[in-house]
Amino acid sequence: MKEFLYCIIYFMATGILGFILGRLLPKSWFLYNEFPYRCAKFERGGALYDKMNIHKWQTKLPDMSRLVPWAMPAKNLKTCNSIKLLTMIQETCIAEFIHWMLCITGLGSFFIWQNPLCVLLYLIYVLVFNIPFIIIQRYNRPRLLHLRYILLQREKKQNTKETQDATSYS
């Protein structure tokens, strides 16, 4: 029983450290258009995740931007520009990376508790506390990229119009 509790503490500690690491790592390291963050062919631009009805359950899971708002960029799409949206896209990469790392570091629980039940505990940890969050990031990223494309087009039109207006008054 003591080892079980140590495993839970270990999972919590690695989660906290993972969160801190995610805040410290440079966003420039996370390239949304490169492997492993680029949308894979089998994901069909996020359509795979639409079939999983992620839009119905993703808001029911804890979100670090709601739990620790002072440490996370706000997710407000209504007042968003392409630069802010790029930050949000990079945040999806960071979150995915951290959850994959937590799956890997979670294997350390086997050193703490050498019991067949530890396999079950680890699977719960991975399948309940990490994989759903990875799926959410992979679902949101193509949608955010599409929105960013639209915003970039609008910003380009706006800049062109402002340039034309400025030259017509000179």
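The values are calculated or read from the model by the stated rules, or taken from the named source; none is laboratory data. Given the structure is predicted, the values throughout are model-derived calculations rather than measurements. Cβ sites come from the backbone with ideal geometry, for glycine too, and all protein chains shown count toward neighbours. Protein only, heavy atoms only, side chains kept; ligands, DNA and RNA dropped before computing areas. Shrake-Rupley method; radii C 1.70, N 1.55, O 1.52, S 1.80 Å.
Does residue 52 satisfy being open to solvent by less than 90 Å² (accessible area, probe 1.4 Å) and farther than 20 Å from residue 106 by Cα? Show your work before the answer.
On the way: open to solvent by less than 90 Å² (accessible area, probe 1.4 Å): yes; farther than 20 Å from residue 106 by Cα: yes.
Taking the combined requirement at face value, the residue satisfies it.
Scanning region 114-132 for residues that are open to solvent by less than 30 Å² (accessible area, probe 1.4 Å) and touching a residue at least 60 places away in the same chain (Cβ under 8 Å) yields a total of 4.
Is it the case that some residue within region 59-72 is β-branched (Val, Ile, Thr) and exposed (fewer than 11 other Cβ atoms within 10 Å of the Cβ)?
Yes: one or more hits.
Taking region 27-124 and the helices (runs of 4 or more DSSP H) fully enclosed by it, the elements with 1 or more residues that are farther than 20 Å from residue 141 by Cα are at 64-67, 82-105, 109-112. With respect to (1) among the polar types (S, T, N, Q); (2) within 19 Å of residue 132 (Cα to Cα); (3) surrounded by 15 or more Cβ atoms within 10 Å (Cβ to Cβ), the lone exception for residue 82 is condition (2). Screening residue 65 on (1) within 30 Å of residue 155 (Cα to Cα); (2) small (Gly, Ala, Ser); (3) touching a Phe, Trp or Tyr at 6+ places or on another chain (Cβ under 7 Å) shows it passes everything except condition (3).
Go through region 133-145 and give me each residue that's open to solvent by 50 Å² or more (accessible area, probe 1.4 Å) and in contact with a Leu (Cβ under 9 Å, 6 or more places away or on another chain).
At the first step, the residues of region 133-145 found to be open to solvent by 50 Å² or more (accessible area, probe 1.4 Å) are 143, 145.
Selection gives 145 alone.
Which pairs turn up if I take residues in region 37-55 that are aromatic (Phe, Trp, Tyr) and look for partners that are surrounded by 13 or more Cβ atoms within 10 Å (Cβ to Cβ) and assigned to a helix (DSSP H, G or I) with beta carbon separation below 6 Å, at least 6 apart in sequence or on another chain? Cβ pairs passing all conditions: 37/93; 49/139.
Residues that are free of Cβ contacts under 8 Å to residues at least 12 places away in the same chain and assigned to a helix (DSSP H, G or I) within region 15-26 comprise 16, 17, 20, 24, listed in sequence order. Give region 1-51 a look and list any residue that's of a type in the set (Lys, Arg) and either farther than 19 Å from residue 144 by Cα or in contact with a helix residue (DSSP H, G or I) (Cβ under 8 Å, 6 or more places away or on another chain) (or both), or say none. 2, 23, 27 - these are the residues of region 1-51 that are of a type in the set (Lys, Arg) and either farther than 19 Å from residue 144 by Cα or in contact with a helix residue (DSSP H, G or I) (Cβ under 8 Å, 6 or more places away or on another chain) (or both). Of the residues making up region 11-29, just one is open to solvent by 60 Å² or more (accessible area, probe 1.4 Å) and hydroxyl-bearing (Ser, Thr, Tyr), namely 28. Flag: residue 32 does not match the condition of being open to solvent by 90 Å² or more (accessible area, probe 1.4 Å) and in contact (Cβ under 8 Å) with a residue 60 or more places away in the chain.
Taking residue 3, is it of a type in the set (D, E, K, R) and either assigned to a loop (DSSP other than H, G, I, E, B) or open to solvent by less than 50 Å² (accessible area, probe 1.4 Å) (or both)? Answer is no for this residue.
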